[in-house]
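> My questions will all concern the structure given below.
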Amino acid sequence: MNEPSSGSATRVLFVCLGNICRSPVGEALFRHHAGGEGAAGAFEVDSAGTAAYHIGEPPDRRSAETALRRGVVVSGRARRLEADDYYEFDHIVAMDRSNLAEIKARKPADATARVHLLRSFDPAADDDADVPDPYYGGPSGFDDVHDMVERSTRALLAHLIEELS
Ligand code: 4NP
């Protein structure tokens, strides 16, 4: 987790179910892209899960290895989405529509975060497309997830940089 924001960085939280397969990849790839754009300092990035099953665990080895083969380190420990997140983050980004529904259901009435579906930014997908849960599937699911998240986080970053300018 990042330190509480002390400056004007835009804070982005990626959320899936378990916070071990998909959202840590979103966090890592968004950070990676931001670094590549020379915008690392403009963003603070984290991830969380709507469920508590895997709290404290590292990212799923399959997600981490898929990313590492492409030169991206996925790290962190799983945590659950908390009420404070709706005030501490500017953007909460759901990996699938089920996560999105859960995030919206828990959203406090006066929350300041804006909630999005990640693949609504994917130039290769419809607005309501999911990053599918790869947990019980085979290895190719993790490659697919990585590709979707790679494209979508790149486009999300471009969108947020545009908003800031
Ligand atoms: P994630 O994947 O939501 O992308 O972290 C999952 C991880 C664990 C489980 C489901 C999805 N699970 O049922 O334990």
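> How big is D for the chain, in µm² s⁻¹ as a whole number, if Stokes-Einstein is applied with the Kirkwood radius of its Cα pairs at 10 °C and 1.306 mPa s?
102
> Which helices count as membrane-span-like in the chain under these terms: full DSSP H, at least 30 Å along the axis by C-alpha, Kyte-Doolittle mean of 0.0 or more?
Qualifying helices, which must be both long enough and hydrophobic enough, do not occur.
> Return the single residue from 126, 144, 90 with maximal mean-square fluctuation; model: Gaussian network over the chain, springs between Cα atoms under 10 Å.
Of the options given, 126 has the highest mean-square fluctuation.
> Need one number: nm distance between label points at residue 75 and residue 112, each 7 Å from Cα along Cα→Cβ, rounded to one decimal.
2.9
> May I have the pair-distance distribution P(r) for region 73-130, computed from all Cα-Cα distances with 5 Å bins from 0 and rounded to whole percent?
4, 18, 24, 22, 19, 11, 2, 0
> Percent of accessible area on the chain owned by carbon and sulfur, 1.4 Å probe?
The computed percentage sits at 49.
> So what is the relative contact order for the chain, in percent, with contacts set as C-alpha pairs under 8 Å and at least six apart?
Once divided by the residue count of the chain, the mean separation gives 25 percent.
> Please report the relative contact order for region 16-109, taking Cα pairs under 8 Å with a sequence separation of at least 6, and give it as a percent rounded to a whole number.
Working: 131 pairs, mean separation 31.8, N = 94.
Computed over region 16-109, the figure is 34 percent.
> Can I ask one more? 222 nm [θ] for the chain, helices only, -39500 (n - 2.57) per DSSP H run of 4+, per residue, to 500?
Theoretical 222 nm ellipticity from helices: -12000 deg cm²/dmol.
> Still on this structure: Mind giving me the FRET efficiency for residue 68 and residue 144? R0 is 25 Å, r the Cβ-Cβ distance, nearest 0.05 is fine.
Numbers: r = 17 Å, r/R0 = 0.67.
Computed FRET efficiency for residue 68 and residue 144 comes out at 0.90.
> Could you list which residues have their amide H under 5 Å from that of residue 14, counting only those 5 or more apart in sequence or on another chain, with H placed in the peptide plane?
46, 47, 48, 93
> Can you give the three extents of the C-alpha atoms in region 5-69 along their principal axes, from longest to shortest, in whole Å?
33, 28, 15
The values are calculated or read from the model by the stated rules, or taken from the named source; none is laboratory data. Everything numeric here is computed off the predicted structure, so don't read it as measured data. With ideal geometry, Cβ positions are generated from the backbone for all residues, glycine too; neighbour counts draw on all protein chains shown. For the accessible areas, the whole protein counts, side chains as well, though only heavy atoms, and no ligand, DNA or RNA atoms are used. Shrake-Rupley method; radii C 1.70, N 1.55, O 1.52, S 1.80 Å.
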